[in-house]
Amino acid sequence: MYFVDGEHELHYRQLLQNRGNDLRSEYLPLVYILSVPTIWQTWNLSYRQKFPSPIDWALQVEDFPMLSQAHALLVESGISLYSGALMALGEGVQTWDGRLYRLFLQAVELRRRLVFGTGMDVTGIGIQFM
């Protein structure tokens, strides 16, 4: 599984553990994207008091003015993978650099693996989905 760095992986594992038994497939891509250090830090420094979880933050606000356009579009893609909300995918593809595009592709792959059941550990914490 692709992580930007160790901090990204740490936040991902932490959010999954905080979700407890609620590891439905639609959550994983959103959790993965919200774990990106730049996105995590924005929530942690600016929104944590109002929203106890970055998932709450992402699902309850309409825009992300403290994030770059590229990162905001990445969060929107995670919301779309979670809820089916419409987003400007073409705008994201044109905006994301290679690293952010790879993050998006990994999020899509997480969703597909869980939908089509590969039996791989996509949680990063030893839980396999069949």
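Every number here is computed from the coordinates shown, using simple stated rules; none is lab data. Not measured: the values here are computed from a predicted model.
Run the numbers for residue 99 and residue 18: contour at 0.36 nm per residue of separation, minus the present Cα-Cα distance, in nm.
Result: 26.5 nm gained on full extension.
Let a ≥ b ≥ c be the square roots of the eigenvalues of the Cα gyration tensor of the stretch 25-79; is it rounded (a/c under 1.5), or, if not, prolate (a/b larger than b/c) or oblate?
Rounded, because the longest to shortest axis ratio a/c is under 1.5.
Under the rule a/c < 1.5 gives rounded, and otherwise a/b versus b/c splits prolate from oblate, where does the stretch 6-116 land using the Cα gyration tensor?
Judged from the Cα gyration tensor, the stretch 6-116 comes out rounded (a/c under 1.5).
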